[in-house]
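Below: one structure, written as structure tokens.
The values are calculated or read from the model by the stated rules, or taken from the named source; none is laboratory data. Quick caveat: nothing in here was measured; it's all calculated off a predicted structure. With ideal geometry, Cβ positions are generated from the backbone for all residues, glycine too; neighbour counts draw on all protein chains shown. Note: areas computed on protein heavy atoms with side chains; ligands, DNA, RNA excluded. Shrake-Rupley method; radii C 1.70, N 1.55, O 1.52, S 1.80 Å.
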Amino acid sequence: MPMRPVTVYDIAREANVSVATVSRVLNNTAPVKKETRERIVALMHKHQFQPNALARSLSRKETGMIGFILPDITNPFFPEVLSGFDYEARKLGYTYFLCDTISTNEENERLYDRQYERESQYLSLLMEKQVDGIVMIGGRVDLAKPGEELAREVEEAAKRVPVLLLNGNLPQTHLNRIAADQKLGAQLAVQHLIELGHRDIAVIGGYAKMTNTQQRLLGFRTAVKEAGLNVRKEWVLTEGFSVQKGQEFASRLLGAKRRPSAIFCMNDLLAIGAIKAAHRFGIRVPEQLSIVGYDDIPQATYSIPELTTVSLQSQEIGRQAAKTLDKMIAGKKVPRLQSIMPELIVRETTAPFTEPSA
């Protein structure tokens with residue numbers, strides 16, 4: 001009769017440590033006391049223990065691996081969330097597979113179709129890798145009306161491993177979520193402009209089919225309505241999130257006969273594009289045009305002038321995600337929804353409204 005292969009449980013038991021400690025040594029994910037590490041390594045040599053066997057023999061927490069699915073790693077917001085997640089996950093003894101579903105900055109419908117295909121492929125791959133849990137941000141999670149199949153795929157995965165959604169939702173799935181209050185963030189931004197005396201306020205960016213865009217637009221419209229102002233249809237320009245789109249949208253606004261005195265941008269990349277467009281038109285920011293971004297990416301402090309924006313507490317979302325997923329993996333109860341409050345960060349791109357000189 002063949003001998004039963006040695007598992008991580010055997011190593012942990014003989015070393016008198018937890019399985020998570022063995023996982024930390026294997027994956028080098030967190031500090032382990034020198035004596036303990038040497039004892040575990042000696043036992044692995046003694047039993048000719050191979051990490052490959054570990055992946056096949058473990059389930060749930062014992063693999064120490066998490067899948068993190070995000071869109072477009074070149075968008076600075078997502079690395080900020082990932083940075084917070086990485087910080088906490090390492091302390092908890094986890095490593096992760098990073099799955100980026102967009103490999104180009106090109107913005108079109110076909111790109112997003114491919115993105116959802118890649119998400120499906122990654123979900124399947126992560127199941128094969130026997131990860132302990134999965135975090136999803138962006139992509140289908142941001143769709144206001146995801147197709148039934150897109151939602152069902154994630155729901156089926158959640159039956160096998162804990163799945164946590166960040167800054168989005170999949171209606172009817174009742175999955176655990178951590179989300180910033182997108183509507184409130186937009187309200188804070190627009191209220192700031194109104195308090196500065198601006199009455200002609202435009203909004204640019206986002207995608208009409210995405211919940212984050214819909215919530216931010218709702219916040220914009222709510223703030224404008226509460227101030228007794230009107231929203232000009234031609235000053236609401238959507239379908240894009242890039243610097244290039246920010247330049248394009250702002251140029252359309254600034255080149256018109258009547259132009260706004262302030263622009264609320266759906267993210268900071270759009271705002272940076274809007275600043276570039278204003279410079280090209282010879283319009284001074286903030287003296288002649290106030291601009292507010294959204295996300296508070298690192299580049300917000302590097303722009304000239306520095307960008308007034310809304311912080312979604314991206315690193316805090318990441319840190320909270322790691323802590324929450326760890327509890328879910330351990331079978332502990334966590335709130336279905338954890339809300340993160342946004343914060344308005346006032347810098348240099350907003351100023352009191354002044355009447356244009358004749």
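Descriptive notes on the structure:
- Here Y302 meets each of (1) over 30 Å from G64 (Cβ atoms); (2) at pLDDT 95 or above with one exception, condition (2).
- In the range 128-147, the residues that are closer than 21 Å to K323 by Cα and either touching a residue at least 40 places away in the same chain (Cβ under 8 Å) or surrounded by fewer than 21 Cβ atoms within 10 Å (Cβ to Cβ) (or both): Q130, V131, D132, G133, I134, V135, M136, I137, G138
- You will find that of I263, I275, I304, the residue that is touching a helix residue (DSSP H, G or I) at 6+ places or on another chain (Cβ under 7 Å) and either part of a strand (DSSP E or B) or not hydroxyl-bearing (S, T, Y) (or both) is I263 and no other.
- Residue match in the range 318-333 (condition: under 16 Å from A186 (Cβ atoms), modelled with pLDDT of 95 or more and aliphatic (A, V, I, L, M)): no
- Per the conditions (1) at pLDDT below 85; (2) in a helix (DSSP H, G or I); (3) out of contact with any Asp or Glu (no Cβ under 7 Å at 6 or more places or on another chain), the sole criterion not satisfied by S23 is (3).
- The set of residues from the range 216-240 being open to solvent by less than 40 Å² (accessible area, probe 1.4 Å), of a type in the set (A, V, I, L, M, F, W, C) and within 25 Å of L312 (Cα to Cα) comprises L217, F220, A223, V224, W235, V236, L237.
- Residue match in the range 318-330 (condition: touching a residue at least 40 places away in the same chain (Cβ under 8 Å) and in a strand (DSSP E or B)): no
- The residues listed here are L150, L175; of these, the one that is free of Cβ contacts under 8 Å to residues at least 40 places away in the same chain and in contact with a Lys or Arg (Cβ under 8 Å, 6 or more places away or on another chain) is L150.
- Among the numbered conditions (1) part of a loop (DSSP other than H, G, I, E, B); (2) on the phi < 0 side of the Ramachandran plot; (3) in contact with a Lys or Arg (Cβ under 9 Å, 6 or more places away or on another chain), the only one that Q130 does not meet is (2).
- Candidates T349, T309 - the one that is assigned to a loop (DSSP other than H, G, I, E, B) and closer than 16 Å to N267 by Cβ: T349
- V310 being under 29 Å from I137 (Cβ atoms) and open to solvent by 80 Å² or more (accessible area, probe 1.4 Å): no
- Selection from the range 187-208 of residues that are out of contact with any Phe, Trp or Tyr (no Cβ under 9 Å at 6 or more places or on another chain), in contact (Cβ under 8 Å) with a residue 24 or more places away in the chain and not β-branched (V, I, T): L188, Q191, H192, A208
- Identity of the residue in the range 337-346, within 19 Å of E316 (Cβ to Cβ) and part of a loop (DSSP other than H, G, I, E, B), that ends up least open to solvent (accessible area, probe 1.4 Å): P342
- V32, sole failed condition from (1) part of a loop (DSSP other than H, G, I, E, B); (2) modelled with pLDDT of 90 or more; (3) over 30 Å from V141 (Cβ atoms): (2)
- Here is the figure for the range 259-279: residues that are of a type in the set (D, E, K, R), open to solvent by 10 Å² or more (accessible area, probe 1.4 Å) and either at pLDDT below 95 or over 16 Å from R232 (Cα atoms) (or both) total 1.
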